[in-house]
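One structure is given below, encoded as structure tokens.
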Amino acid sequence: MLKDYNTWAVFPTIVNVNVLRGKCPCRCVHCPVGIITPGERARHFGQQVMDLDLFKRIALEVATYTHAAIRIHAVGEPLLWADLDAAVRFLNQHAVQSWIFTCAVTEDRSILRILCEHVSIIEVSVNATGRREYLDTKGIDAFHLVTDNIAYMANYIEENRLPARLLLSRVQTEDENSDRQFKTYWEGKGWADDVFIRSYHNYNDLLDAKHGASIKKPCLVHWARASIDCDGTMVCCFNELFKQYTPDVVLGKVSGKTSILQIWRGRKLQQIRAGDQAGDFSGLPFDLPCKNCKTCQPIDTLRDTSEKQLSRKPSPAANKDHQA
């Protein structure tokens, strides 16, 4: 019996915000940015950054929904965004649930303190348990630096009794034993609130497919996650931000005249959800990567999704439910 997911679609649980393009210290083998030579990234992905005023507009809209959170992400590394300090302070000031996904490759501990003080969830994609493995998967010799930064944030959060949650993650490999060892190793350190394995995905065919094709089911992305580019463009899937995306995948553009809510409840996304629920996108008047996606995010899954992680972080008391 087909489950009705329409109650999920009131407003996205996670608003992925791409704040920066084309800059990252890492060369990750599982990332479309990482596999491009650093000198070619600006040409390949662009050099845009999100304007702080646009970020604040997005943040204020998200703040009206107790279940929603902003996830600061990047087609690159968000720690390199010049407005990061001001942005996370603004989020905290307005009691917006927040999440940052970072490699934590930095020697600037002041920015780590700022994250601990103002961000709800800090996720470090450490990916390894030792220097050799880190070098093989992340492409740079920074394992000990990142380990020290993780320990520093854990101690800073504890010593100052801060509410931030520290997460450590790894991209799923084809070696289940190695993935289990990753969890065991980092859980043994006792620094993180949780250690988990992120499901491998190939960014809609930008990377090699692995682990076989997923069973085609309604995808979490269309029902719970919004993905917004540096200029406010909202696309149907975060993976499309790593491409020269076509008008077909664009849902709308957040601006002074158009809200996330208007796009989220707009006709195009309603059509996509109908196709997603039926498992058939052939009747849509636009072309989507969803029809060939091999690494979709099924809703009815036991995987430790970001939504489940977010539910472990209480909503800020200052947030008010939006009456739509």
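The values are calculated or read from the model by the stated rules, or taken from the named source; none is laboratory data. Here the structure is a predicted model, which is why all the values come from computation and not from measurement. Here the Cβ positions follow ideal geometry from the backbone for every residue, glycine too, while neighbour counts run over all protein chains shown. Please note that ligands, DNA and RNA were not included when accessible areas were found on the heavy atoms of the full protein model with its side chains. Shrake-Rupley method; radii C 1.70, N 1.55, O 1.52, S 1.80 Å.
Solvent-accessible area per residue for the chain at a 1.4 Å probe radius, Å²? Please list the in-between numbers first.
Numbers: 14680 Å² over 324 residues.
Ligands and nucleic acids excluded, the figure is 45 Å² per residue.
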Contour minus Cα-Cα distance for residue 160 and residue 270 (0.36 nm per residue):
35.1 nm
Projected label distance in nm at residue 174 and residue 85, using a 7 Å step from Cα toward the beta-carbon
4.5 nm
Could you grab the relative contact order for the stretch 32-95? Cα pairs under 8 Å, six or more apart, rounded to a whole percent.
37 percent
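Using alpha-carbon pairs under 8 Å, 6+ residues apart, how would you state the relative contact order of the chain in percent?
Value for the chain: 21 percent.
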Only Lys, Arg, Asp and Glu count, each charged at its Cβ (+1, +1, -1, -1), so figure out the dipole size of the stretch 62-164 about its Cα centre, rounded to 20 debye.
200 debye
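Over 23 Å between C-alpha atoms is what I'm after, so list which of 243/294; 23/243; 183/294 land there. Walk me through the numbers before you get to the answer.
Numbers: 243/294 17 Å; 23/243 15 Å; 183/294 26 Å.
Where the Cα-Cα span goes over 23 Å, the pairs concerned are 183/294.
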Taking Rh as the Kirkwood radius computed over C-alpha pairs, what is the Stokes-Einstein D of the chain at 37 °C in a medium of viscosity 0.692 mPa s, expressed in µm² per second?
163 µm²/s
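Quick one: if the Förster radius is 22 Å, what FRET efficiency do residue 48 and residue 136 give, using the C-beta to C-beta distance and rounding to 0.05? Write out the running numbers ahead of the final one.
Numbers: r = 31 Å, r/R0 = 1.40.
Once the sixth-power term is evaluated, E becomes 0.10.
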For the chain, what is the calculated [θ] at 222 nm in deg cm²/dmol (nearest 500), taking -39500 (n - 2.57) for each run of four or more DSSP H residues and dividing by its residue count?
-9500 deg cm²/dmol
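Starting from 0.36 nm per residue, how many nanometres of slack lie between residue 282 and residue 66 once their C-alpha separation is accounted for?
Numbers: separation 216, 0.36 × 216 = 77.76 nm, distance 3.58 nm.
Extending this stretch completely gives an extra 74.2 nm.
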Please give the contour-minus-distance gain from residue 311 to residue 246: 0.36 nm per residue of separation, less the Cα-Cα distance, rounded to one decimal in nm.
20.0 nm
Please report, in whole Å, how far the alpha carbons of the stretch 1-117 spread along each principal axis, starting with the longest.
46, 40, 23
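Quick check: at a probe of 1.4 Å, how many percent of the accessible area of the chain sits on carbon and sulfur atoms?
Values: 7170 of 14680 Å².
Within the chain, the accessible surface is 49 percent carbon and sulfur.
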